[in-house]
Amino acid sequence: MYPTSSFEKSCRHTEMLMFYNFPRHFSLILTILLLFFLSGCAGESRFNQINNSSESADTQDSSSTEDPDLGLESAEPQSSLEQELAALRQTGMWDGNSSPITKRDLENTQFAFPVVLNNQVQMYLNLFQTKQRKTFTSWLSRSSIYLPLMKKELKNAGLPEELVYLSMIESGYNQRACSSANAVGLWQFMDATGREHNLDINKYVDERRDAEKSTKAAVAFLSELYAEFGDWHLAVAAYNAGPGKIRKGLDKYGVSNFWALAQEDYLALETKRYVPKLIAAMILAKNPEKYGFTDTEYKRSLEYTTLKVPAGLSLDALALACNTSVKEVKFLNQELREGKTPPNQPHYVAKIPVGTEEIASKNMSRLHSVVSTGYKSHKIKRGETLATICNMYGLNRTTLLKVNNLRSSRLSRGQYLRIPYNTVSYQLLPEGSRIAQIPHKNNLVLHKIRSGENITQIAKKYNVSPARIMAWNNLGNAHKINVGQQLALYPENKATMTVSEIVVASSEIEDMPAVASSAKRSTQKSPPLLTATKKKDMRLVQERKPIETASLQASQKSKPTVDNQVSATRIKTIVALDIQKSRQKVSSTRQKTITAAGGATKKKLSTTVAANDRDFKVYKVQNGDTLWTISKKFKTSLILIKQWNNIKSDVLQPGRQLKLKKV
């Protein structure tokens, strides 16, 4: 006998390991195969689910920007589904034999759709009249909105009008219904199926929620299915499960109708329930009073006309132009996900109430947006930082610090922060008036930079200077801004600005390199800060009170010559010049007061100054106040507030007392 080599020992050891581990490996392989098989079956349980994973990025990414009034709603409560499936399991064999007892209930009713009365249909007839009576009543109530439209489209296509009740069991006649599989609309189209039938689906528009367009698509789809199968029960089943699933089942089991296929262990119960549920809904909805639905309050049918409107128009504004409610306009345009017309189209054909087209057309040119800022509270949680909160709400660090009067970015757990957000309302300007600028109810406005925008364009839009935008947002370079970046703006109405603010604002516009060169400005005799004032600004200056005009002239005479220093565009220079102008204005005004009194002695000057001090009011800074909001409230200049109170910073602490008066 030969001794066993080390190689043979190794082989025997390997064989023993394989023998003992075989059951474990075999069970693992079986588990993987089973999961693969189940995932494949689940993928075919509904035709509209096939492309669920490939739904467009636009559709998914934009969910957070949807108008809250136009959000999706659940198509079917989970409790109702479980209730149906449990009852169906008790019905026994699926077959197409009719019951003589239930046939008598239909002797006076005509159906173009083939009606079968079996255990499954009877189960749904009982369920809709008992446990789900409230649900079915709500379906009946909404049915009157869409039946005229749907019946018209079905008749034009030569299809049975009873197919209108397919939408009833799909969505309950809810344009914004959404299933657990992300099927959407009256006819529950998935993304891919909707696109195949010419429905636009993107981040702005989802035409699966459009009553007329989705109905046309559903009629076309049902026509295709009936043309293939030649049987309405199979066509309806294919609408739910997909034509491929039904086609494969008929071939596999050698059957030719839905009921025979339903007897096989092939279709999921969720799919098999579809046909008997539709038949039961038809029977009840065609003669509801006979089955006890006598107290249903039917809604008004869907009627509208259309109007071509500009891109990006809010439905709130459209409702104002139509002189109707926002709720009605939004109901007519439920396909507009963000509550406004698509900004990526030159125009949009919107739906408006019948009889409002004339007044809406006249009012479109008078629409005017009013941008204001609202605030909500955020309580600091464990681990949150200023950066995470800025990312959460899309704000920049400077804005968040400023609106909360914070000097440090250090936050404490439990601390509350004020979070600003833009709100937009609309008004109709008087007939014949022209829109000069966007009026703002509050000072702070948040502007999100769009593609192609620059600081100069944004400044013109809000009637402020580029330099101020840079100062408000701590921007070191006007050319280094990014798309999507949030800017905090504090626009003011120029009609209420003081003379010095008008001068400074116009000088800041001139300081932009694209407007004029520094060499050209330095050769002018008069102060360059005044020469760049636009005509509309000069008119405002001329229309000011006489004392302000006199102050301006006095400041021009007493102001020293400004040389090439103005050519260097710096915010500090602008502020310094503004402070100098303000001081000269105050000095000139006081001097005129003394002269008018008949004397120019130091004693009289001090007497006048003391009298002016008594005109001041003491104001205690409240939480959320800024220099801008206080200057607006007291109709005075931000620069003067700083001068009166010896303030060097833009940050105010709540509780501080300020000397203020109207200018």
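None of the figures in this text is laboratory data; all of them are computed from the coordinates on show. Worth saying up front: this structure is predicted, and the values here are computed from it rather than measured. As a convention, Cβ positions derive from the backbone with ideal geometry for all residues, glycine included, and neighbour counts pool all protein chains shown.
Data table
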read-out	value
As computed over segment 240-320, the Cα convex hull volume per residue (Å³)	231
Alpha-carbon radius of gyration plus Dmax, which is the widest Cα pair, for segment 77-222 in Å	16.8, 53
For segment 257-376, alpha-carbon Rg relative to the globular expectation (2.2 N^0.38 Å, N residues)	1.68
Sites Ser425 and Tyr291 - FRET efficiency at Förster radius 35 Å, r taken between beta-carbons, to 0.05	0.10
Which listed pairs, of Lys151/Lys203; Lys131/Lys330; Lys376/Lys633, have C-alpha distances above 29 Å, in listed order	Lys151/Lys203; Lys131/Lys330
Computed over segment 108-191: relative contact order in percent, which uses C-alpha pairs under 8 Å that are six or more apart	21
Charge context of Glu453, other residues only, Cβ under 12 angstrom, K/R +1, D/E -1	+4
For segment 316-362: rounded, prolate or oblate by the Cα gyration tensor [a/c cutoff 1.5]	oblate
